[in-house]
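Below is one structure, written out as structure tokens; comments come after it.
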Amino acid sequence: MFLVSACLAGFNCRYNGGNCATKIVQDLVNDGMAMPICPEQLAGLPTPRESCEMKIDMCGSKRILDKYGRDYTEEFTKGAELTLAIARTIGAKEAILKSKSPSCGCGLIYDGTFSGEVIEGDGLVAELLKKNGIYVRTESGQ
């Protein structure tokens, strides 16, 4: 069983109220082989919502902020923990998550400046799933 970002399955749950559906992920869900999740919605954040990015300080501490500096780290952490609980419940061994997201990004994430620049790193969900033995990749195969 796969765990997949709900926005990749066509659910309108992205920060802007849209989705970024991909046929492969939609087919996995339609065939009953994948469970779609949105960590931000699981944490109680609304759709639409302000775009957020991960800011990493010199000590390596991670915070999830919107462009106005509002801190959503607690909500994003809660979403990651709930996502892991679902992954365990369904026996997920692999996840396909939305690239560059502060939740789901795997390998590359936006750098926290809202400039479109990316840095090496994982979103909170991707990081937590990996630490718990779940293989994580993005819709781009990364």
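Structure above, values below:
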read-out: Within segment 1-107, helices (runs of 4 or more DSSP H) holding 2 or more residues that are small (Gly, Ala, Ser) and farther than 23 Å from residue 141 by Cβ; value: 73-90
read-out: Breaking point among (1) within 20 Å of residue 90 (Cβ to Cβ); (2) crowded, with 18+ Cβ neighbours inside 10 Å, for residue 27; value: (2)
read-out: Residue list for segment 115-128, filter: part of a loop (DSSP other than H, G, I, E, B) and either polar (S, T, N, Q) or over 14 Å from residue 63 (Cα atoms) (or both); value: 115, 116, 117
read-out: Residue in segment 72-85 that is free of Cβ contacts under 8 Å to residues at least 40 places away in the same chain, farther than 24 Å from residue 10 by Cα and of a type in the set (S, T, N, Q) present; value: yes
read-out: Residue 22 vs. criteria more than 20 Å from residue 135 (Cα to Cα) and β-branched (Val, Ile, Thr); value: no
read-out: Looking only at segment 73-109, and only at residues there that are under 24 Å from residue 56 (Cα atoms) and of a type in the set (S, T, N, Q), the one that is surrounded by the most Cβ atoms within 10 Å (Cβ to Cβ); value: 103
read-out: Residue 63 vs. criteria in contact with a Lys or Arg (Cβ under 6 Å, 6 or more places away or on another chain) and charged (D, E, K, R); value: yes
read-out: Residues satisfying the stated conditions in segment 89-126, i.e. acidic (Asp, Glu) and farther than 24 Å from residue 12 by Cα; value: 111, 117, 120
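Here, each number is a calculation from the coordinates, and none is a lab measurement. Note that the structure is predicted; figures quoted are calculated from it, not measured. Virtual Cβ from ideal backbone geometry, glycine too; neighbours counted across all protein chains shown.
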